Structure formats: structure tokens, C-alpha cells
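Comments concern the structure below.
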Amino acid sequence: MALPRIHAIVPAAGQGLRLASRPGLPKQYRPLLGRPMLQWSVERLAAHHAVRGVTVVVAPDDSAFARLEFDAECPVDWTEGGDTRAHSVLNALEYVRQAHRADWVLVHDAARPCLGMEELNRLLDAGLRAPAGAILALPVSDTLKRGDGASPAAIVATQSRDDLWAAQTPQLFPAGLLHQALSDQLQAGKPPTDEAGAMEAGGHHPLLVPGATTNFKVTWPGDLLLAEALLRRRSWS
Ligand code: CTP
Ligand code: MG
């Protein structure tokens with residue numbers, strides 16, 4: 001049997017508002033050990049032998065991508081994103097299905113530069129055997145409190161964390177199924193916050209594959225230091 005064509009999509013069309021990025025320097029271009037975050041994220045995926053290519057989804061007014069040089073084992077190209085992450089991924093899916101004839105897509109946040117090969121291998125091993133693919137995720141470990149919405153918030157209740165998982169990326173799906181699921185959700189005006197959300201709404205049940213705490217999403221200013229510490233260790237090993 002021929003190996004499936006696996007293509008990675010890296011959404012990088014956001015503004016990084018929670019990180020309070022400077023205008024003109026969105027989060028995905030913030031330097032980590034002197035290299036833009038996006039470069040780390042793309043190169044982790046491109047280093048995997050099963051990944052045939054990587055497509056980065058950039059904002060329409062992006063002026064930084066063209067200056068990047070990737071140290072990659074496979075081709076890296078780009079396409080334009082949209083208003084929400086879901087719109088960005090749908091645009092990219094249309095492009096990669098046509099231009100790269102992808103069978104499977106691996107969608108990974110530009111904002112997760114510390115992805116490890118171990119968890120990527122776990123995802124591919126489990127996901128390629130599952131009809132609706134799989135995502136990396138972590139069982140929730142903190143006690144969950146519901147707040148009352150005020151400021152400062154007060155506790156209203158403690159939520160059970162049984163069977164709750166925090167979704168990470170990469171998320172791996174058959175390209176055609178994800179395309180259909182995302183188009184349906186966007187046509188219904190309900191953009192999901194991750195790709196698995198669209199699959200679920202379409203009646204599919206992707207697997208949950210244990211990720212890693214180190215594969216966190218750089219979101220808040222303090223996360224930059226943490227990411228640099230992890231990347232420094234990685235470049236030593
Ligand atoms: N993203 C995208 N297109 C959008 C919005 C987000 O491609 N319209 C991407 C981001 O660039 C990021 C990933 O989706 O790599 C995860 O989103 P998030 O961490 O929320 O990044 P931002 O939306 O940039 O940050 P914030 O929500 O703090 O503004
Ligand atoms: Mg966002």
C-alpha cells in the first residue's frame with residue numbers, strides 16, 4: 001500500500017493580542033533564542049520523515065514571512081489566512097488539497113515551538129490508523145473552578161475534571177473529512193476554536209493521544225522565557 005501523503009499546515013495569521021505584541025511584530029515572529037517562533041515550529045514538523053511538505057498560513061498584510069529561511073527536509077510554502085483560525089485553516093486546506101494532493105493534514109499552531117518528536121510520533125502512529133484521525137491532548141490536572149464573571153471573580157462551583165482533556169496541536173485528520181467538517185461549521189457561522197471541534201460537530205470522534213506539557217502554546221508574555229529555556233535544552237541534546 002502506498003504511504004499516505006501527509007502535509008502540515010501551520011496557522012500563523014493571528015495577531016498575538018494576549019502577548020501584547022508590538023504592531024508589526026505578531027507573536028509568531030517574536031524571537032526565541034534569536035530565531036522567530038514560527039521558524040522553530042515549522043522546522044520541528046519538517047524534520048519528520050513522514051511529512052511531505054509544510055504550508056504556513058500568513059495574514060494578508062504579513063511582511064515578515066518572505067524574509068525567513070527554513071532549515072527543512074521538505075518544501076515549505078505559504079498561503080493566505082482569514083479572520084479566525086478556522087477560516088485560516090480552511091483556506092489552507094483548499095490550497096494543500098489542490099496544490100499538494102494531501103491525503104492527511106497535520107495542523108499545528110505556529111505558537112507551539114517546543115513540539116517534541118516523541119509526541120509527534122505517538123500522534124502519527126495512533127492517528128493514521130483511526131478513521132477520524134487524532135489530536136495531542138493532556139488530561140486536565142488542575143482542580144477546575146467556575147467563576148461568577150465579576151472582577152475580582154468569586155468561585156461559584158468546582159467542576160469535575162473526569163474525562164476532561166486540554167487540546168494541543170498537532171491535530172491529524174484525513175484532509176477530505178476535515179475540509180467538509182470545517183466548511184459546514186463556517187457556513188453555519190460557528191467557527192470552532194480547533195480543528196477537532198469541527199470534526200466533532202460533524203459527528204466524528206478523533207482519538208486523544210497524550211501530548212506533553214512542554215508542547216504548550218505561547219500565549220502570555222511570561223511564556224516566552226519558558227519556551228526559550230526549553231529550546232535551549234533541546235539544542236544541547
Ligand atoms: N491564527 C491564524 N489565523 C487567525 C487567528 C489565529 O492563523 N485568524 C493562528 C495564530 O497565528 C496561532 C494559532 O492560530 O499560531 C493559535 O492561535 P492563538 O494562540 O490564539 O494566537 P493569536 O490569535 O495570534 O493570539 P491571541 O488570541 O492572543 O490574539
Ligand atoms: Mg487567538
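The values are calculated or read from the model by the stated rules, or taken from the named source; none is laboratory data. Remember, predicted model here, so these are calculated numbers, not experimental data. Cβ placement follows ideal geometry from the backbone for every residue including glycine, while neighbour counts extend to all protein chains displayed. These area figures cover heavy atoms from the full protein model, side chains too; ligands, DNA and RNA do not enter into them. Shrake-Rupley method; radii C 1.70, N 1.55, O 1.52, S 1.80 Å.
Just checking, how many residues over region 211-223 are within 11 Å of Ala111 (Cβ to Cβ) and among the aliphatic types (A, V, I, L, M)?
So the answer is 1.
Kindly provide the set of residues from region 176-228 that are among the hydroxyl-bearing types (Ser, Thr, Tyr) and under 16 Å from the mean Cα position of the chain (by Cα), ordered by number.
The answer is Thr193, Thr213, Thr214, Thr219.
Given (1) open to solvent by 80 Å² or more (accessible area, probe 1.4 Å); (2) in contact with a helix residue (DSSP H, G or I) (Cβ under 7 Å, 6 or more places away or on another chain), where does Pro206 come up short, assuming only one miss?
(1)
Could you check region 105-118 and list, in sequence order, the residues that are touching a Lys or Arg at 6+ places or on another chain (Cβ under 7 Å) and closer than 19 Å to Gly133 by Cα?
Asp109, Leu115
Does Pro170 satisfy the criteria of being out of contact with any Gly (no Cβ under 7 Å at 6 or more places or on another chain), within 23 Å of Arg5 (Cα to Cα) and either of a type in the set (S, T, N, Q) or in contact (Cβ under 8 Å) with a residue 12 or more places away in the chain (or both)?
yes
Taking strands (runs of 3 or more DSSP E) that do not extend beyond region 1-85, which have at least 1 residues that are without any contact (Cβ under 8 Å) to a residue 60 or more places away in the chain, more than 16 Å from ligand 2 (Cβ to nearest atom) and of a type in the set (A, V, I, L, M, F, W, C)?
Per the criteria, 51-58, 76-80.
If you check Glu94 against the conditions, is it part of a helix (DSSP H, G or I), more than 16 Å from ligand 2 (Cβ to nearest atom) and touching a Gly at 6+ places or on another chain (Cβ under 6 Å)?
No.
Tell me which of these Leu225 doesn't satisfy, since it passes every other one: (1) surrounded by 14 or more Cβ atoms within 10 Å (Cβ to Cβ); (2) modelled with pLDDT of 95 or more; (3) away from ligand 1 (no atom under 16 Å from the Cβ).
(1)
Go through region 44-64 and count every residue that is away from ligand 1 (no atom under 15 Å from the Cβ), touching an Asp or Glu at 6+ places or on another chain (Cβ under 9 Å) and open to solvent by 20 Å² or more (accessible area, probe 1.4 Å).
Counting residues in region 44-64 that are away from ligand 1 (no atom under 15 Å from the Cβ), touching an Asp or Glu at 6+ places or on another chain (Cβ under 9 Å) and open to solvent by 20 Å² or more (accessible area, probe 1.4 Å) gives 2.
Taking region 65-90 only, how many residues are open to solvent by 50 Å² or more (accessible area, probe 1.4 Å), under 15 Å from the mean Cα position of the chain (by Cα) and either among the aliphatic types (A, V, I, L, M) or more than 23 Å from Asn215 (Cβ to Cβ) (or both)?
1
Can you tell me which residue is farthest from Val209 (Cα to Cα) among those in region 101-149 that are in contact (Cβ under 8 Å) with a residue 60 or more places away in the chain, open to solvent by less than 60 Å² (accessible area, probe 1.4 Å) and over 16 Å from the mean Cα position of the chain (by Cα)?
Taking the candidates together, the pick is Ala102.
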